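Input: a single structure, listed below in structure tokens.
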Amino acid sequence: MENQLKQTKNELDLLKKEQNTEPQNDLEEPTTEKQQKLVAAMNEYLIKNRNFTQPDINYDKIVAALSTNKTYLFEAVKTISGKTPQEYINDLRLEEARRMLDNKSELTINAIADECGLNKRTFNRLFRKRYNMSPSEYRKSMVNG
């Protein structure tokens, strides 16, 4: 009985160590620091060569490019940004679209949606949700404002 208690205590201690996010030694980084580095690497991958504007960019491509796993990437992005990876990508796309609406008046709304990797319907829905107005209304407010 006493041996079972010791074994159970040892197993619990081992579990606690595995779940601990604090560095175990000077060489190991805390989980949040590792997560920050992974999110920074994802951000660089998406922005470099404008990968976020590719309509076929998806979670699997990002995971493969970063040589990580889906669960860890998802948890890192959610922890650091409070968003899912898809929400993170869409935010980059919407920021780019807003810049284009501000600076490229010669482009149609459809062309801007395409340039940002979104179809017109999704673009309009996401833009309205984020900015509380359609892309056309936004463009008009920038011209008149």
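Just so you know, all these numbers are worked out from the coordinates, no wet-lab data involved. Not measured: the values here are computed from a predicted model. Reconstructed Cβ throughout: ideal geometry from the backbone, glycine too, with neighbour counts over all protein chains shown.
Worth a mention:
- Positive-end residue, segment 31-144 charge dipole about Cα centroid, Cβ charges, pick of 90, 66, 134: 134
- The Cα atoms of segment 31-144 give a gyration tensor whose axes a ≥ b ≥ c have a/c of 1.5 or more with a/b greater than b/c, which makes the shape prolate.
- Filter on 83/129; 37/83; 34/70; 61/83; 34/78; 48/120 - keep pairs with C-alpha separation over 21 Å: 48/120
- If only the Cβ of Lys and Arg carry +1 and only the Cβ of Asp and Glu carry -1, the dipole of segment 31-144 around its Cα centre is close to 280 debye.
- Ranked list, fewest to most other Cβ atoms within 10 Å of each Cβ, for 139, 125: 125, 139
- Residue-span extension gain [residue 81 to residue 103] - 0.36 nm each, minus C-alpha spacing: 5.2 nm
- Least to most buried among 74, 52 (fewest other Cβ within 10 Å first): 74, 52
- Label-to-label distance, residue 37 versus residue 58, with points set 7 angstrom from Cα along the beta-carbon direction: 3.0 nm.
- Förster-model FRET efficiency, 25 Å R0, residue 120 and residue 74, C-beta, rounded to 0.05: 0.30
- Among residues other than residue 92 with Cβ under 13 Å from its Cβ, the summed charge is +1 (Lys and Arg +1, Asp and Glu -1).
- On full extension, the segment bounded by residue 95 and residue 50 gains 14.9 nm, given 0.36 nm per residue less the C-alpha separation.
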